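Read the structure below first, then the notes.
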Amino acid sequence: MADSLFYLFAFFTVACAVGVVANKNAVNAAMCLMLCLMGIASLFVLLDAYLLAALLVLVYAGAVVALFLFIVMLLDMQGGVKRPFKKMTAVASVASLALMLVGVTMIKTRGQLSSLPAPVGTTAPVGAVLKNYAELLFTTYLLPVQVIGFLLLIAMLGVIVLSKKFAGMGDIK
Amino acid sequence: MPIELLQQAAANNEWLAITPELMLGLTALLLLVLELILPKAKHGLIPVAAIVIQVVIAVSLALNFNTAFSGTDTVFNGLLRLSADGQFLRLFFLVCSIFVCLLGTVSLAKQRMPRVEFYHLVLVITAAMMLLAQSNHFVMFFVALETVTVGFYILVSYFRESPLSLEAGLKYLVMGALSSSLLLFGIVLLYGVAGNRGLPGGSADSMNFDQLRGFLEANPGNFLASVGIVLVLAGVAFKIGAVPFQIWIPDVYQGAPTPVTAFLAVASKAAGFAVLLILTQRVFTPYQNLVIPVLAVMAGATILFGNLAALTQHNVKRLIGLSGISHAGYLMIGVIAAYREPLAVGAIWFYLSAYLLASFAVFGVMAHVAGSNDADQELDHYANLAKEQPFLAAILAIGLGSLAGIPPLAGFMGKLLIFVAAFKAGLYPLLAIAVGGVVISIYYYFGWIKAAFFPSSLPSGGEPAPVATRVCTPVAGWVRVALIVLAVSSVLLGFYPGAFGQWVLAH
């Protein structure tokens with residue numbers, strides 16, 4: 001059951017990813033990206049990583065892609081000029097194809113999951129449960145969380161500095 | 001349970017251990033509050049407040065140099081590790097930040113820009129760099145690194161009326177994102193492979209540097225760990241601008257405001273080397289057979305590329321950027337030598353200090369000579385500087401001489417220490433490349449000095465050389481004092497290193 005679900009979602013994810021690249025219409029591409037992220041989230045669910053799946057849907061599919069769509073529609077980027085075919089494109093395609101072949105052969109030859117030793121501990125990772133995760137953030141990783149607070153503050157300040165209108169700036173001395 | 005949890009959290013988070021960082025963060029917030037409550041006429045006090053508070057923090061840090069880390073070693077559940085090197089770097093970054101704020105007062109006066117945010121960003125970045133240089137865990141490491149990088153994205157594009165500054169900011173953003181992704185991929189690989197309990201030494205907390213080192217010792221030659229190590233090194237190499245990850249340097253250095261260029265050149269590079277030393281000497285030590293060749297090839301290429309590319313530059317900011325690449329190369333030799341020769345770590349700190357003094361002297365002069373277009377600073381603008389501004393020209397000569405490594409100055413001692421360490425460690429081919437690089441560098445450094453001291457002597461086609469317009473701002477009193485301090489300590493550190501030299505040699 002889990003296997004067939006995995007294949008279903010994996011195929012769905014890859015198909016959507018191809019859709020992102022192949023789509024001429026930027027809005028459609030962004031929608032495909034969202035579906036692709038949903039597919040990855042369902043793969044995470046199959047791996048019992050519910051928290052990660054929820055975060056992925058909330059943050060990426062919900063917020064980031066919505067932002068993409070918003071900007072695409074704001075700038076009205078439809079179609080665009082088709083670039084002429086370059087030699088470098090052929091080189092890059094051959095190189096990436098070769099890399100993919102290397103990856104597939106590596107998985108075929110080395111990545112035999114059944115040959116790995118059985119996992120020692122059977123307990124779920126501590127961070128997988130939301131409560132443990134939150135506790136870690138407020139105890140062990142308290143300092144990084146505080147630093148991230150400053151990171152967000154300077155990011156916000158940066159947006160203000162780089163986008164505020166200059167009117168009346170002359171009198172700042 | 002919650003009470004126990006709170007007690008444990010309180011016991012493990014020793015906030016007093018990071019007092020300087022806390023003070024800097026609070027000062028940064030204070031500056032924003034001051035802008036709100038002070039009347040506009042008194043906004044000139046804000047940079048003064050920033051500099052004075054930083055000087056106070058620096059002095060108290062220097063006075064408590066040895067007491068701050070006695071007793072405990074790792075704090076914050078192993079996220080940070082206090083050490084003498086960490087103390088030195090804290091002081092180093094603070095001094096950088098003080099000079100950047102000083103240069104900021106000079107450069108920002110020529111622009112119509114918001115002021116306070118600049119000092120706020122500088123303080124936050126400084127605090128993050130201090131944490132970065134003491135991190136003992138990949139989570140802390142990455143969060144601090146990203147704080148530094150995001151701050152620099154903003155600072156680089158701060159003069160947003162200039163297209164070059166914006167372009168530099170965009171380039172730095174794209175390159176920084178690329179390097180962060182490489183670094184993160186490496187960290188994830190290491191985390192994944194070291195978290196495998198099926199392998200000997202696998203641990204649950206495999207992002208902790210000590211645990212990771214234990215794993216690497218137990219598994220020499222692990223393929224995934226090797227890939228992770230190379231990727232992490234590549235990410236760090238981006239930050240220090242080592243070949244082949246140097247492509248962003250000339251454009252970003254040229255477009256960024258002059259104080260930010262100085263901050264990038266000195267503090268960001270020093271942070272990169274602090275991280276590189278922690279990673280290579282404390283974490284990746286069992287994988288020396290992999291790390292040393294990678295670093296050696298990069299160091300040789302970095303020295304040659306930096307010096308050869310700087311030869312043809314006429315824009316002084318690009319020149320200082322490209323020559324900075326070669327300085328990164330010399331320092332990387334020190335990092336490699338540190339595997340076999342304990343003197344090398346002290347030599348790196350000495351070199352960085354000499355580089356700080358000389359660079360800020362040069363950047364101080366550049367900030368004064370620059371016109372309102374900050375990216376446009378050519379060698380021609382320095383024509384006849386010695387006659388019109390003998391003070392600035394003298395500072396420039398001392399700074400450039402120290403960067404080039406002319407004997408009585410501190411830069412020479414720094415290079416000498418690195419080369420001695422490399423000689424003791426037996427790195428003869430790299431040493432030959434480095435000496436060749438130093439010889440090449442003298443050509444372009446003296447070309448700059450020549451431009452400042454002698455009238456421009458173009459091969460005469462009858463036309464007089466076009467007189468470049470220079471808007472040299474008068475040197476304010478305390479900036480003058482700071483420049484004198486920089487120049488004098490550049491000379492003194494070369495003659496008589498004193499207590500600092502002893503600390504370096506006793507390393």
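The values are calculated or read from the model by the stated rules, or taken from the named source; none is laboratory data. Since this is a predicted model, take the numbers as computed values, not measurements. We place every Cβ from the backbone using ideal geometry, glycine too, and count neighbours over all the protein chains shown. Remember, those area values only see protein heavy atoms, side chains included, never the ligands or the DNA or RNA. Shrake-Rupley method; radii C 1.70, N 1.55, O 1.52, S 1.80 Å.
Structure values in brief
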quantity: Charge sum, other residues only, whose C-beta stays under 14 Å from B:ALA262's C-beta, Lys/Arg counted +1 and Asp/Glu -1; calculated: +1
quantity: Rounded tilt (10° steps) of B:477-495 against the dominant C-alpha axis of chain B; calculated: 70
quantity: List A:MET106, B:MET207, B:MET298, ordered by accessible area with a 1.4 Å probe, largest first; calculated: A:MET106, B:MET207, B:MET298
quantity: Principal-axis tilt of helix B:2-12 within chain B, Cα atoms, nearest 10 degrees; calculated: 50
quantity: Selection from B:GLY104, B:VAL438, B:PRO200, by position along the positive dipole direction of chain B (Cβ); calculated: B:VAL438
quantity: 0 to 90° range, to nearest 10: angle between helix B:209-218 axis and chain B longest Cα axis; calculated: 60
quantity: Shape of the stretch A:1-103, Cα gyration tensor, a/c cut at 1.5; calculated: oblate
quantity: Pairs of lysine residues in chain B - Cα separation under 24 Å, sequence separation of 8 or more or cross-chain; calculated: 18
quantity: Residues of the protein assembly as shown: accessible area per residue with a 1.4 Å probe, Å²; calculated: 46
quantity: Longest site-free stretch - chain B; sites: GluC sites (Glu not before Pro), DSSP loop, at most 16 other Cβ within 10 Å; calculated: B:162-507
quantity: Residue-level accessible surface for A:CYS16, protein heavy atoms, 1.4 Å, Å²; calculated: 10
quantity: Approximate spin-label separation B:ASN66-B:ILE484, in nm, with each point projected 7 Å along Cα-to-Cβ; calculated: 3.3
quantity: Within the protein assembly as shown: Cβ-based charge dipole about Cα centre, in debye rounded to nearest 20 (Lys, Arg +1; Asp, Glu -1); calculated: 1000
quantity: Within the accessible area of chain B (1.4 Å probe), percent carbon and sulfur; calculated: 70
quantity: Exposure of A:THR139 as accessible area (Å², to 10), given a probe of 1.4 Å and all protein chains; calculated: 20
quantity: Residue-averaged 222 nm ellipticity for chain B, from DSSP H runs of 4+ at -39500 (n - 2.57), nearest 500; calculated: -23500 deg cm²/dmol
